[in-house]
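Engineer: Dropping the structure in here first, questions after.
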Amino acid sequence: MSVAAGDRIEVGGESVSAAHFIGGERVGSGESFTTISPIDQRELGRVADAGPGEVDRAVRAAEGAFDDWAALGPDGRAGYLRRLADLIEQNVGRLAPVECTDMAMLLRSLEARVIARAALNYRFYADLAAAYEERDWRSRGTWNRVQRMPAGPAAVITPWNAPFMLSTWKTAPALAAGCTVVLKPAEWSPLSCSLLADLTVEAGFPPGVFNVLQGLGSTTGAELVSHPGIRRISFTGSVPTARRIGVSAAERVVPFTAELGGKNPFLVFADADLDAAAAKAAGQYDDSGQVCLSGTRILVEESVMDEFLERFEHHAAEHVLGDPREERTTVSPMIHPDHLARVEGFVERAREAGDEIVTGGSRAAGGGLFFEPTLIRPASNDSEIVQSEVFGPVLCIQGFSDEEEAVSLANSTEYGLSGIIYTGSMGRADRVGRAIRAGTVWVNCFLVRDLSAPFGGARSSGIGREGGDYALDFYSDLKTLQILEGSTG
Ligand code: ADP
(Lines give C-alpha, C1' and ligand atoms only; values in the text may rest on other atoms or scores of the structure.)
Protein backbone atom coordinates (compact mmCIF):
# COMPACT_ATOMS: atom_id res chain seq x y z
CA MET A 1 0.00 0.00 0.00
CA SER A 2 1.43 3.38 -0.95
CA VAL A 3 1.81 6.53 1.15
CA ALA A 4 1.46 9.91 -0.56
CA ALA A 5 3.66 12.91 0.25
CA GLY A 6 0.73 14.61 1.95
CA ASP A 7 -0.51 11.63 4.01
CA ARG A 8 -0.79 12.27 7.72
CA ILE A 9 -1.42 10.24 10.85
CA GLU A 10 -3.54 11.59 13.70
CA VAL A 11 -1.76 10.71 16.92
CA GLY A 12 -1.69 12.18 20.44
CA GLY A 13 -3.79 15.17 19.33
CA GLU A 14 -1.27 15.93 16.59
CA SER A 15 -1.26 15.45 12.82
CA VAL A 16 2.07 13.85 11.86
CA SER A 17 3.42 13.31 8.35
CA ALA A 18 3.57 9.64 7.35
CA ALA A 19 6.01 10.39 4.54
CA HIS A 20 9.79 10.64 4.29
CA PHE A 21 11.51 13.99 4.55
CA ILE A 22 14.07 14.35 1.78
CA GLY A 23 15.79 17.49 0.50
CA GLY A 24 13.42 19.70 2.47
CA GLU A 25 10.28 18.06 1.03
CA ARG A 26 7.82 15.42 2.04
CA VAL A 27 8.21 12.38 -0.21
CA GLY A 28 5.75 9.49 -0.49
CA SER A 29 6.47 5.83 -1.11
CA GLY A 30 5.07 2.91 -3.08
CA GLU A 31 5.33 0.76 0.04
CA SER A 32 4.34 1.27 3.65
CA PHE A 33 4.28 -0.37 7.06
CA THR A 34 1.84 -0.14 9.95
CA THR A 35 2.63 1.50 13.25
CA ILE A 36 0.52 0.61 16.29
CA SER A 37 0.14 2.21 19.67
CA PRO A 38 1.38 -0.09 22.45
CA ILE A 39 -1.19 1.53 24.76
CA ASP A 40 -4.20 -0.14 23.13
CA GLN A 41 -2.60 -1.91 20.13
CA ARG A 42 -4.67 0.30 17.87
CA GLU A 43 -3.32 0.82 14.37
CA LEU A 44 -2.20 4.45 14.19
CA GLY A 45 -1.63 4.45 10.46
CA ARG A 46 0.64 3.50 7.62
CA VAL A 47 4.11 4.98 7.30
CA ALA A 48 6.28 5.26 4.17
CA ASP A 49 8.68 2.35 3.70
CA ALA A 50 11.70 3.41 1.65
CA GLY A 51 12.94 1.28 -1.21
CA PRO A 52 16.33 1.68 -2.90
CA GLY A 53 15.17 4.64 -5.02
CA GLU A 54 14.08 6.66 -2.00
CA VAL A 55 17.26 5.77 -0.10
CA ASP A 56 19.32 6.94 -3.05
CA ARG A 57 17.32 10.16 -3.28
CA ALA A 58 17.86 10.89 0.42
CA VAL A 59 21.59 10.25 0.31
CA ARG A 60 21.94 12.37 -2.82
CA ALA A 61 20.08 15.19 -1.07
CA ALA A 62 22.51 14.90 1.86
CA GLU A 63 25.46 14.88 -0.54
CA GLY A 64 24.12 17.90 -2.39
CA ALA A 65 23.76 19.92 0.81
CA PHE A 66 27.07 18.87 2.29
CA ASP A 67 29.59 21.36 0.87
CA ASP A 68 27.63 24.45 1.86
CA TRP A 69 26.81 23.08 5.32
CA ALA A 70 30.45 22.16 5.92
CA ALA A 71 31.59 25.56 4.69
CA LEU A 72 29.40 27.37 7.24
CA GLY A 73 31.84 26.39 9.97
CA PRO A 74 30.89 25.58 13.57
CA ASP A 75 29.72 29.12 14.39
CA GLY A 76 27.50 29.32 11.33
CA ARG A 77 25.94 25.93 12.05
CA ALA A 78 25.49 26.69 15.76
CA GLY A 79 22.75 29.22 15.01
CA TYR A 80 20.61 26.55 13.31
CA LEU A 81 21.18 24.04 16.11
CA ARG A 82 20.27 26.54 18.80
CA ARG A 83 17.09 27.50 16.97
CA LEU A 84 16.19 23.82 16.72
CA ALA A 85 16.83 23.41 20.46
CA ASP A 86 14.52 26.34 21.21
CA LEU A 87 11.81 24.90 18.97
CA ILE A 88 12.03 21.48 20.62
CA GLU A 89 11.55 23.13 24.01
CA GLN A 90 8.62 25.16 22.74
CA ASN A 91 7.01 22.02 21.30
CA VAL A 92 7.30 19.63 24.25
CA GLY A 93 3.51 19.69 24.50
CA ARG A 94 3.23 18.33 20.92
CA LEU A 95 6.19 15.96 20.89
CA ALA A 96 5.56 14.20 24.20
CA PRO A 97 2.01 12.90 23.45
CA VAL A 98 3.10 11.68 20.01
CA GLU A 99 6.01 9.67 21.37
CA CYS A 100 3.94 8.49 24.33
CA THR A 101 1.23 7.16 22.01
CA ASP A 102 3.63 5.63 19.48
CA MET A 103 6.11 4.11 21.94
CA ALA A 104 4.38 4.15 25.37
CA MET A 105 7.10 5.91 27.34
CA LEU A 106 5.58 7.59 30.40
CA LEU A 107 4.13 10.95 29.37
CA ARG A 108 5.43 12.68 32.47
CA SER A 109 9.01 11.46 31.82
CA LEU A 110 8.81 12.77 28.27
CA GLU A 111 7.42 16.09 29.41
CA ALA A 112 9.69 16.56 32.40
CA ARG A 113 13.07 15.41 31.10
CA VAL A 114 13.35 13.31 27.93
CA ILE A 115 12.33 15.95 25.37
CA ALA A 116 14.27 18.61 27.28
CA ARG A 117 17.34 16.43 27.01
CA ALA A 118 16.82 16.33 23.22
CA ALA A 119 16.93 20.13 23.12
CA LEU A 120 20.00 20.10 25.33
CA ASN A 121 21.76 17.75 22.90
CA TYR A 122 21.55 20.35 20.12
CA ARG A 123 22.47 23.29 22.34
CA PHE A 124 25.37 21.42 23.91
CA TYR A 125 26.87 20.40 20.56
CA ALA A 126 26.37 23.85 19.05
CA ASP A 127 28.48 25.26 21.90
CA LEU A 128 31.05 22.48 21.96
CA ALA A 129 31.79 22.49 18.22
CA ALA A 130 32.07 26.29 18.22
CA ALA A 131 34.52 26.12 21.14
CA TYR A 132 36.92 23.73 19.35
CA GLU A 133 40.50 24.87 19.54
CA GLU A 134 42.80 23.42 16.94
CA ARG A 135 45.75 21.77 18.68
CA ASP A 136 48.91 23.54 17.70
CA TRP A 137 52.53 22.63 18.52
CA ARG A 138 56.08 22.81 17.19
CA SER A 139 58.18 19.78 16.44
CA ARG A 140 60.93 18.75 14.02
CA GLY A 141 61.14 22.22 12.56
CA THR A 142 57.44 22.40 11.69
CA TRP A 143 54.19 23.78 13.09
CA ASN A 144 51.66 21.00 13.59
CA ARG A 145 47.99 21.79 13.68
CA VAL A 146 45.05 19.36 14.14
CA GLN A 147 41.92 20.35 12.26
CA ARG A 148 38.50 18.77 11.99
CA MET A 149 37.15 18.22 8.46
CA PRO A 150 33.44 17.39 8.32
CA ALA A 151 33.28 13.76 7.14
CA GLY A 152 30.32 13.87 4.71
CA PRO A 153 26.76 12.53 4.80
CA ALA A 154 26.09 10.42 7.89
CA ALA A 155 23.56 7.60 8.24
CA VAL A 156 21.96 7.59 11.67
CA ILE A 157 19.99 4.48 12.65
CA THR A 158 18.09 4.63 15.90
CA PRO A 159 16.18 2.13 18.07
CA TRP A 160 12.54 2.13 19.13
CA ASN A 161 13.10 3.01 22.80
CA ALA A 162 13.46 6.78 23.38
CA PRO A 163 13.45 7.36 19.60
CA PHE A 164 13.33 11.16 19.73
CA MET A 165 16.03 11.65 22.36
CA LEU A 166 18.38 9.07 20.88
CA SER A 167 17.98 10.50 17.38
CA THR A 168 18.93 13.95 18.64
CA TRP A 169 21.84 12.52 20.65
CA LYS A 170 23.33 11.27 17.37
CA THR A 171 22.25 13.92 14.88
CA ALA A 172 23.33 16.84 17.10
CA PRO A 173 27.08 16.06 16.96
CA ALA A 174 26.83 15.00 13.31
CA LEU A 175 25.26 18.30 12.29
CA ALA A 176 27.50 20.35 14.59
CA ALA A 177 30.58 18.70 13.10
CA GLY A 178 29.41 19.68 9.61
CA CYS A 179 27.97 16.38 8.38
CA THR A 180 24.62 16.24 6.69
CA VAL A 181 22.30 13.52 7.98
CA VAL A 182 19.96 10.79 6.82
CA LEU A 183 18.09 9.56 9.90
CA LYS A 184 16.22 6.26 9.87
CA PRO A 185 14.10 5.84 12.98
CA ALA A 186 12.97 2.39 14.11
CA GLU A 187 9.83 1.00 12.51
CA TRP A 188 8.10 0.36 15.87
CA SER A 189 8.15 4.05 16.86
CA PRO A 190 8.69 6.21 13.77
CA LEU A 191 6.43 9.18 14.41
CA SER A 192 8.21 11.59 16.77
CA CYS A 193 11.17 11.84 14.38
CA SER A 194 8.77 12.91 11.65
CA LEU A 195 7.92 15.91 13.82
CA LEU A 196 11.63 16.58 14.29
CA ALA A 197 11.92 16.99 10.53
CA ASP A 198 9.15 19.63 10.63
CA LEU A 199 11.04 21.51 13.33
CA THR A 200 14.21 21.63 11.19
CA VAL A 201 12.13 23.40 8.53
CA GLU A 202 10.94 25.91 11.11
CA ALA A 203 14.52 26.37 12.28
CA GLY A 204 15.44 27.28 8.68
CA PHE A 205 17.77 24.35 7.96
CA PRO A 206 18.88 24.37 4.31
CA PRO A 207 17.16 21.57 2.31
CA GLY A 208 19.10 18.29 2.35
CA VAL A 209 21.01 18.95 5.58
CA PHE A 210 18.60 16.85 7.63
CA ASN A 211 16.63 14.02 6.03
CA VAL A 212 14.36 11.39 7.54
CA LEU A 213 13.83 8.07 5.81
CA GLN A 214 11.12 5.84 7.19
CA GLY A 215 11.33 2.11 6.63
CA LEU A 216 12.18 -1.35 7.85
CA GLY A 217 15.63 -2.17 9.14
CA SER A 218 16.37 -5.20 6.99
CA THR A 219 15.58 -3.32 3.77
CA THR A 220 15.70 0.48 4.17
CA GLY A 221 18.32 0.38 6.93
CA ALA A 222 20.52 -2.12 5.10
CA GLU A 223 20.25 -0.14 1.85
CA LEU A 224 21.12 3.12 3.60
CA VAL A 225 24.25 1.89 5.38
CA SER A 226 25.60 0.34 2.18
CA HIS A 227 25.01 3.43 0.02
CA PRO A 228 28.32 4.68 -1.42
CA GLY A 229 27.47 8.30 -0.54
CA ILE A 230 27.46 7.63 3.21
CA ARG A 231 30.71 8.54 5.02
CA ARG A 232 29.75 7.77 8.63
CA ILE A 233 27.29 5.36 10.24
CA SER A 234 26.01 5.78 13.76
CA PHE A 235 23.85 2.96 15.08
CA THR A 236 22.09 2.02 18.29
CA GLY A 237 20.36 -1.34 18.43
CA SER A 238 21.06 -5.04 18.69
CA VAL A 239 24.30 -6.99 18.35
CA PRO A 240 23.21 -9.03 15.28
CA THR A 241 22.27 -5.84 13.41
CA ALA A 242 25.57 -4.21 14.41
CA ARG A 243 27.43 -7.15 12.89
CA ARG A 244 25.57 -6.72 9.60
CA ILE A 245 26.15 -2.97 9.55
CA GLY A 246 29.80 -3.56 10.41
CA VAL A 247 30.19 -5.74 7.34
CA SER A 248 28.66 -3.03 5.10
CA ALA A 249 30.86 -0.40 6.72
CA ALA A 250 33.97 -2.53 6.29
CA GLU A 251 33.25 -3.13 2.63
CA ARG A 252 33.36 0.59 1.96
CA VAL A 253 35.87 1.50 4.73
CA VAL A 254 33.34 3.72 6.50
CA PRO A 255 33.78 4.34 10.26
CA PHE A 256 30.81 3.36 12.36
CA THR A 257 29.81 3.52 15.99
CA ALA A 258 27.47 1.01 17.56
CA GLU A 259 25.84 1.33 20.94
CA LEU A 260 24.37 -2.07 21.72
CA GLY A 261 22.75 -3.96 24.49
CA GLY A 262 23.81 -4.73 28.00
CA LYS A 263 23.32 -7.13 30.85
CA ASN A 264 24.49 -4.63 33.36
CA PRO A 265 25.52 -5.53 36.91
CA PHE A 266 23.93 -3.70 39.85
CA LEU A 267 26.20 -4.35 42.82
CA VAL A 268 25.04 -3.84 46.40
CA PHE A 269 27.67 -4.04 49.10
CA ALA A 270 26.88 -4.50 52.79
CA ASP A 271 28.22 -1.02 53.58
CA ALA A 272 25.73 0.67 51.23
CA ASP A 273 22.62 2.66 52.06
CA LEU A 274 20.48 -0.42 51.55
CA ASP A 275 17.18 1.35 51.20
CA ALA A 276 18.53 3.72 48.56
CA ALA A 277 20.03 0.73 46.74
CA ALA A 278 16.78 -1.25 46.94
CA ALA A 279 14.71 1.70 45.70
CA LYS A 280 17.04 2.22 42.74
CA ALA A 281 17.12 -1.51 42.00
CA ALA A 282 13.30 -1.60 41.93
CA GLY A 283 13.50 1.42 39.64
CA GLN A 284 15.10 -0.81 37.00
CA TYR A 285 11.52 -1.86 36.16
CA ASP A 286 10.86 1.69 34.93
CA ASP A 287 10.00 1.93 31.23
CA SER A 288 9.21 -1.80 31.47
CA GLY A 289 12.95 -2.43 31.52
CA GLN A 290 13.25 -1.37 27.89
CA VAL A 291 16.43 0.56 28.61
CA CYS A 292 19.83 -0.67 27.45
CA LEU A 293 21.58 0.85 30.49
CA SER A 294 19.35 -0.89 33.07
CA GLY A 295 21.08 -2.80 35.85
CA THR A 296 19.37 -6.13 35.27
CA ARG A 297 21.72 -8.36 37.24
CA ILE A 298 21.36 -7.43 40.90
CA LEU A 299 24.37 -8.73 42.81
CA VAL A 300 24.05 -8.45 46.58
CA GLU A 301 26.55 -9.19 49.35
CA GLU A 302 25.19 -12.34 51.03
CA SER A 303 25.32 -10.88 54.56
CA VAL A 304 22.64 -8.32 53.65
CA MET A 305 20.68 -10.34 51.09
CA ASP A 306 17.59 -10.91 53.25
CA GLU A 307 17.32 -7.31 54.33
CA PHE A 308 17.93 -6.07 50.79
CA LEU A 309 15.28 -8.41 49.37
CA GLU A 310 12.72 -7.26 51.90
CA ARG A 311 13.36 -3.61 51.02
CA PHE A 312 13.46 -4.37 47.28
CA GLU A 313 10.10 -6.12 47.39
CA HIS A 314 8.63 -3.21 49.31
CA HIS A 315 9.76 -0.73 46.62
CA ALA A 316 8.89 -3.03 43.72
CA ALA A 317 5.34 -3.37 45.10
CA GLU A 318 4.89 0.38 44.69
CA HIS A 319 4.95 0.07 40.89
CA VAL A 320 1.69 0.71 39.09
CA LEU A 321 1.23 -0.85 35.67
CA GLY A 322 -0.98 1.19 33.42
CA ASP A 323 -1.60 3.75 30.74
CA PRO A 324 1.57 5.83 30.26
CA ARG A 325 -0.53 8.99 29.96
CA GLU A 326 -1.79 8.62 33.53
CA GLU A 327 0.08 10.30 36.35
CA ARG A 328 -0.04 7.28 38.69
CA THR A 329 1.48 4.82 36.19
CA THR A 330 5.10 3.86 36.72
CA VAL A 331 5.38 0.84 34.38
CA SER A 332 4.05 1.27 30.86
CA PRO A 333 3.11 -1.36 28.29
CA MET A 334 5.83 -3.02 26.25
CA ILE A 335 6.46 -1.75 22.76
CA HIS A 336 4.97 -4.54 20.63
CA PRO A 337 3.25 -7.93 20.90
CA ASP A 338 6.31 -9.60 19.33
CA HIS A 339 8.58 -8.09 21.95
CA LEU A 340 6.27 -9.11 24.78
CA ALA A 341 6.30 -12.67 23.42
CA ARG A 342 10.11 -12.58 23.29
CA VAL A 343 10.35 -11.46 26.92
CA GLU A 344 7.85 -14.13 27.93
CA GLY A 345 9.94 -16.71 26.08
CA PHE A 346 13.01 -15.81 28.15
CA VAL A 347 11.09 -16.25 31.39
CA GLU A 348 9.50 -19.53 30.30
CA ARG A 349 12.88 -20.95 29.36
CA ALA A 350 14.29 -19.79 32.69
CA ARG A 351 11.49 -21.59 34.52
CA GLU A 352 12.06 -24.76 32.49
CA ALA A 353 15.82 -24.55 33.13
CA GLY A 354 15.22 -24.58 36.91
CA ASP A 355 15.77 -20.90 37.68
CA GLU A 356 13.60 -19.74 40.60
CA ILE A 357 10.95 -17.14 39.77
CA VAL A 358 10.90 -15.11 43.00
CA THR A 359 8.21 -12.65 41.91
CA GLY A 360 6.18 -12.07 38.74
CA GLY A 361 6.94 -14.31 35.80
CA SER A 362 3.82 -13.88 33.66
CA ARG A 363 1.92 -11.48 31.49
CA ALA A 364 -0.05 -9.14 33.69
CA ALA A 365 -3.71 -9.98 34.25
CA GLY A 366 -6.20 -7.78 32.45
CA GLY A 367 -4.65 -7.87 28.98
CA GLY A 368 -2.55 -5.26 27.30
CA LEU A 369 1.12 -5.48 26.49
CA PHE A 370 2.21 -5.81 30.11
CA PHE A 371 4.62 -8.20 31.71
CA GLU A 372 4.73 -8.38 35.50
CA PRO A 373 7.85 -6.95 37.11
CA THR A 374 9.79 -10.16 37.57
CA LEU A 375 12.67 -11.20 39.81
CA ILE A 376 14.55 -14.43 39.10
CA ARG A 377 17.13 -16.25 41.19
CA PRO A 378 19.09 -18.19 38.59
CA ALA A 379 20.20 -21.76 39.15
CA SER A 380 23.61 -20.90 37.74
CA ASN A 381 25.57 -17.93 36.46
CA ASP A 382 25.54 -19.66 33.07
CA SER A 383 21.73 -19.50 32.88
CA GLU A 384 20.40 -17.82 29.74
CA ILE A 385 18.50 -15.34 31.91
CA VAL A 386 21.82 -14.15 33.40
CA GLN A 387 23.80 -14.08 30.20
CA SER A 388 21.30 -12.66 27.66
CA GLU A 389 19.71 -9.26 27.38
CA VAL A 390 15.94 -9.55 27.90
CA PHE A 391 14.99 -5.87 27.49
CA GLY A 392 11.94 -6.21 29.65
CA PRO A 393 10.91 -5.90 33.33
CA VAL A 394 12.93 -8.95 34.30
CA LEU A 395 15.76 -8.78 36.85
CA CYS A 396 18.05 -11.49 38.18
CA ILE A 397 19.29 -11.59 41.73
CA GLN A 398 22.48 -13.33 42.86
CA GLY A 399 24.61 -13.23 45.99
CA PHE A 400 28.34 -12.75 46.40
CA SER A 401 30.60 -13.27 49.40
CA ASP A 402 33.35 -10.71 48.79
CA GLU A 403 34.58 -7.99 46.48
CA GLU A 404 36.54 -10.39 44.31
CA GLU A 405 33.51 -12.54 43.62
CA ALA A 406 31.40 -9.43 43.01
CA VAL A 407 33.78 -8.21 40.31
CA SER A 408 34.09 -11.65 38.78
CA LEU A 409 30.28 -11.99 38.50
CA ALA A 410 29.95 -8.41 37.26
CA ASN A 411 32.34 -9.13 34.38
CA SER A 412 30.98 -12.57 33.54
CA THR A 413 28.83 -11.78 30.49
CA GLU A 414 29.77 -10.87 26.93
CA TYR A 415 28.44 -7.34 27.52
CA GLY A 416 29.99 -4.22 29.02
CA LEU A 417 27.64 -1.26 28.66
CA SER A 418 27.13 0.01 32.20
CA GLY A 419 27.56 -0.92 35.83
CA ILE A 420 26.00 0.37 39.05
CA ILE A 421 27.66 0.11 42.45
CA TYR A 422 26.09 0.86 45.81
CA THR A 423 28.68 1.22 48.57
CA GLY A 424 29.52 3.57 51.42
CA SER A 425 33.25 3.22 50.82
CA MET A 426 35.18 5.56 48.55
CA GLY A 427 38.03 3.06 48.30
CA ARG A 428 35.68 0.33 47.17
CA ALA A 429 33.93 2.65 44.74
CA ASP A 430 37.28 3.33 43.13
CA ARG A 431 38.56 -0.28 43.16
CA VAL A 432 35.37 -1.93 41.95
CA GLY A 433 34.59 0.95 39.57
CA ARG A 434 37.96 0.44 37.88
CA ALA A 435 37.61 -3.33 37.77
CA ILE A 436 34.22 -3.38 36.03
CA ARG A 437 34.46 -3.68 32.27
CA ALA A 438 31.86 -1.20 31.07
CA GLY A 439 31.57 2.10 29.25
CA THR A 440 29.87 3.82 32.21
CA VAL A 441 29.86 2.93 35.91
CA TRP A 442 27.61 4.80 38.33
CA VAL A 443 28.28 4.78 42.06
CA ASN A 444 25.29 5.37 44.37
CA CYS A 445 23.34 6.88 41.47
CA PHE A 446 22.00 5.91 38.04
CA LEU A 447 21.46 7.59 34.67
CA VAL A 448 23.10 10.85 35.74
CA ARG A 449 24.79 12.09 32.56
CA ASP A 450 27.27 14.78 31.67
CA LEU A 451 27.11 15.21 27.91
CA SER A 452 30.83 15.88 27.67
CA ALA A 453 31.68 12.40 29.04
CA PRO A 454 32.33 9.48 26.69
CA PHE A 455 29.39 7.13 26.25
CA GLY A 456 29.40 3.64 24.76
CA GLY A 457 30.04 0.02 25.47
CA ALA A 458 32.89 -2.42 25.95
CA ARG A 459 32.98 -5.89 24.38
CA SER A 460 29.66 -6.86 22.73
CA SER A 461 28.03 -3.66 24.02
CA GLY A 462 29.51 -1.58 21.26
CA ILE A 463 32.19 0.01 19.20
CA GLY A 464 33.29 3.62 19.52
CA ARG A 465 32.17 6.37 21.84
CA GLU A 466 29.53 9.06 21.64
CA GLY A 467 29.41 12.13 23.88
CA GLY A 468 31.49 15.29 24.03
CA ASP A 469 34.43 15.68 21.70
CA TYR A 470 34.45 11.93 21.08
CA ALA A 471 31.36 12.26 18.89
CA LEU A 472 32.62 15.39 17.13
CA ASP A 473 35.87 13.59 16.31
CA PHE A 474 33.88 10.63 14.97
CA TYR A 475 31.93 12.79 12.54
CA SER A 476 35.13 14.49 11.38
CA ASP A 477 38.20 13.45 9.46
CA LEU A 478 41.04 14.72 11.61
CA LYS A 479 43.72 16.42 9.59
CA THR A 480 47.28 17.27 10.53
CA LEU A 481 48.45 20.44 8.84
CA GLN A 482 52.25 20.76 8.99
CA ILE A 483 54.02 23.97 7.97
CA LEU A 484 57.79 24.26 7.71
CA GLU A 485 58.88 26.78 10.31
CA GLY A 486 60.11 30.07 8.91
CA SER A 487 58.87 29.18 5.40
CA THR A 488 55.90 31.55 5.45
CA GLY A 489 55.72 35.23 6.21
P1 ADP B 1 16.00 -4.00 18.30
O2 ADP B 1 16.22 -5.42 18.65
O3 ADP B 1 16.25 -3.03 19.40
O4 ADP B 1 14.77 -3.72 17.50
P5 ADP B 1 17.51 -3.74 15.87
O6 ADP B 1 18.99 -3.82 15.79
O7 ADP B 1 16.72 -4.79 15.18
O8 ADP B 1 17.24 -3.66 17.40
O9 ADP B 1 16.99 -2.33 15.35
C10 ADP B 1 17.59 -1.10 15.65
C11 ADP B 1 17.52 -0.21 14.43
O12 ADP B 1 18.28 -0.82 13.39
C13 ADP B 1 16.12 -0.02 13.86
O14 ADP B 1 16.02 1.31 13.33
C15 ADP B 1 16.07 -1.02 12.74
O16 ADP B 1 15.15 -0.67 11.73
C17 ADP B 1 17.49 -0.94 12.22
N18 ADP B 1 17.96 -2.13 11.48
C19 ADP B 1 17.58 -3.42 11.64
N20 ADP B 1 18.24 -4.21 10.77
C21 ADP B 1 19.07 -3.41 10.05
C22 ADP B 1 20.04 -3.64 9.02
N23 ADP B 1 20.29 -4.86 8.54
N24 ADP B 1 20.72 -2.58 8.54
C25 ADP B 1 20.51 -1.33 9.02
N26 ADP B 1 19.61 -1.07 9.99
C27 ADP B 1 18.90 -2.08 10.51
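Engineer: Quick one: grab the alpha carbon gyration tensor of region 1-140, order the square roots of its eigenvalues as a ≥ b ≥ c, and give me rounded if a/c is under 1.5, else prolate or oblate depending on whether a/b is larger than b/c.
Structural biologist: Here region 1-140 falls in the oblate category.
Engineer: Averaged per residue, what accessible area in Å² does region 253-404 show with a 1.4 Å probe, protein chains only?
Structural biologist: I get 38 Å² per residue for region 253-404.
Engineer: Karplus couplings for region 364-379 from phi (6.51 cos²θ - 1.76 cosθ + 1.60, θ = phi - 60°), rounded to Hz, Gly and Pro as x?
Structural biologist: Coupling constants for region 364-379: 6, 5, x, x, x, 8, 10, 10, 4, x, 10, 10, 10, 9, x, 5 Hz.
Engineer: A further question follows. Is any helix in the chain, taking whole DSSP H runs, at least 15 angstrom long along its axis by alpha carbon and on average at least -0.5 on the Kyte-Doolittle scale, and which ones?
Structural biologist: Passing helices, by number: 52-71, 92-103, 115-130, 163-177, 191-202, 239-251.
Engineer: If you don't mind, there's one more thing I want to ask. Express the carbon and sulfur contribution to the solvent-accessible surface of region 85-166 as a percent, rounded to the nearest whole number, probe 1.4 angstrom.
Structural biologist: Heavy-atom surface of region 85-166 belonging to carbon and sulfur, 1.4 Å probe: 51 percent.
Engineer: Tell me, what is the per residue accessible area of region 40-89 in Å², probe radius 1.4 Å?
Structural biologist: 46
Engineer: Excluding residues fewer than 8 places away in the same chain, name every one of the lysines whose C-alpha is closer than 24 Å to that of Lys170.
Structural biologist: Hits, sequence-local ones excluded: Lys184, Lys263, Lys479.
Engineer: Explain nothing, just the number: relative contact order of region 252-313, from Cα pairs under 8 Å at least 6 residues apart, as a whole percent.
Structural biologist: Value for region 252-313: 47 percent.
Engineer: Still on this structure: Rank-order 304-316, 370-382, 214-226 by packing density, defined as the average count of other C-beta atoms within 10 Å over each peptide's residues, highest first.
Structural biologist: Going by the mean number of other Cβ atoms within 10 Å, highest first, we get 214-226, 370-382, 304-316.
Engineer: Let me ask something additional. Just how much of Tyr80 is accessible, in Å², when a 1.4 Å probe is used and the result is rounded to the nearest 10?
Structural biologist: Surface open to solvent at Tyr80 totals about 50 Å².
Engineer: So if each residue of separation counts as 0.36 nm, and I subtract the Cα-Cα distance between Ala365 and Glu302, what length gain in nm does that give?
Structural biologist: Result: 19.3 nm gained on full extension.
Engineer: Calculate what fraction, in whole %, of the accessible area of region 265-443 sits on carbon and sulfur atoms when a 1.4 Å probe is rolled over the protein chains.
Structural biologist: Carbon and sulfur together cover 45 percent of it.
Engineer: With a 10 Å radius around each residue's Cβ, average the other Cβ atoms per peptide and rank 432-440, 398-406, 179-187, 17-25, highest first.
Structural biologist: 179-187, 17-25, 432-440, 398-406
Engineer: Stokes-Einstein diffusion coefficient for region 265-443 at 4 °C in a medium of 1.567 mPa s, Rh from the Kirkwood formula over Cα pairs: what value in µm²/s?
Structural biologist: Translational D for this selection: 79 µm²/s.
Engineer: Once each part is reduced to its C-alpha centroid, what is the distance from region 218-235 to region 1-43 in angstrom?
Structural biologist: Using only Cα atoms to place each centre, the spacing works out to 22 Å.
Engineer: Return the sequence-ordered ³J(HN,Hα) values of region 458-471 in whole Hz as given by the Karplus equation 6.51 cos²θ - 1.76 cosθ + 1.60 applied to θ = phi - 60°, using x for Gly and Pro.
Structural biologist: 9, 6, 6, 7, x, 10, x, 10, 9, x, x, 5, 4, 6
Engineer: Next up: Which percent, to the nearest 5, of DSSP beta bridges fully inside the chain are antiparallel?
Structural biologist: Just about 50 percent of them are antiparallel.
Engineer: Only helical DSSP H runs with n ≥ 4 go in: add -39500 (n - 2.57) per run for the chain, normalise by residue count and round the 222 nm mean residue ellipticity to 500 deg cm²/dmol.
Structural biologist: -11000 deg cm²/dmol
Engineer: Under 8 Å for C-alpha pairs, at least 6 residues apart: give me the relative contact order for region 358-489, rounded to a whole percent.
Structural biologist: It comes to 15 percent, rounded to a whole number.
Engineer: If you don't mind, there's one more thing I want to ask. Taking Cα pairs under 8 Å and at least six residues apart, what relative contact order does the chain come out at, in percent?
Structural biologist: Dividing the mean separation by the residue count of the chain yields 17 percent.
Engineer: Another question, then. Calculate, for Arg252 and Ala435, the FRET efficiency according to 1/(1 + (r/R0)^6) with r their C-beta to C-beta distance and R0 45 Å; round to the nearest 0.05.
Structural biologist: E(calc), rounded to 0.05, equals 0.75.
The values are calculated or read from the model by the stated rules, or taken from the named source; none is laboratory data. Everything quoted here is computed from the prediction, not taken from an experiment. As a convention, Cβ positions derive from the backbone with ideal geometry for all residues, glycine included, and neighbour counts pool all protein chains shown. Ligands, DNA and RNA are stripped out before the accessible areas are found, and what is left, the full protein with its side chains, is counted by its heavy atoms. Shrake-Rupley method; radii C 1.70, N 1.55, O 1.52, S 1.80 Å.
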